[in-house]
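See below for the structure under consideration.
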Amino acid sequence: MSEEFGPEFISITDEDGNEFELEYVETIEYQGQVYMAFFPADTGEAENEEEGGLIILKVIEVDGEEQLSTLDSEEELEAVYDQFMEALFQEDEDNED
């Protein structure tokens, strides 16, 4: 993703009707599933470091429409998180060359 035009933001609404703004980081495909990573756009309200960290959501199809969903398990989250970290570190190494 080119940062030439600045960061990209999206707004999502959780199941309780709360709206959040997220800054897009990266999209990867892992084991046939598409995942997107975001950072909270407003980190001023984060009570602790965990709340202000990377948010990973998977792309699912509901009634022919793509939606973002939470991951099914802690194991899935850890595996996908590792993939994002590898991708982000690889981009940093590529940018240094």
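Read-outs: derived from the displayed coordinates by stated rules, not from any lab. Here the structure is a predicted model, which is why all the values come from computation and not from measurement. Virtual Cβ from ideal backbone geometry, glycine too; neighbours counted across all protein chains shown.
Observations
- Number of positions in the range 50-69 that are over 10 Å from the mean Cα position of the chain (by Cα), within 14 Å of Tyr35 (Cα to Cα) and in contact (Cβ under 8 Å) with a residue 12 or more places away in the chain: 2
- Extreme residue, surrounded by the fewest Cβ atoms within 10 Å (Cβ to Cβ), among residues of the range 6-30 that are touching a residue at least 24 places away in the same chain (Cβ under 8 Å) and of a type outside the set (Ser, Thr, Tyr): Phe9
- Hits in the range 66-82 (condition: among the small types (Gly, Ala, Ser) and either within 25 Å of Asp16 (Cα to Cα) or exposed (fewer than 13 other Cβ atoms within 10 Å of the Cβ) (or both)): Ser69, Ser73
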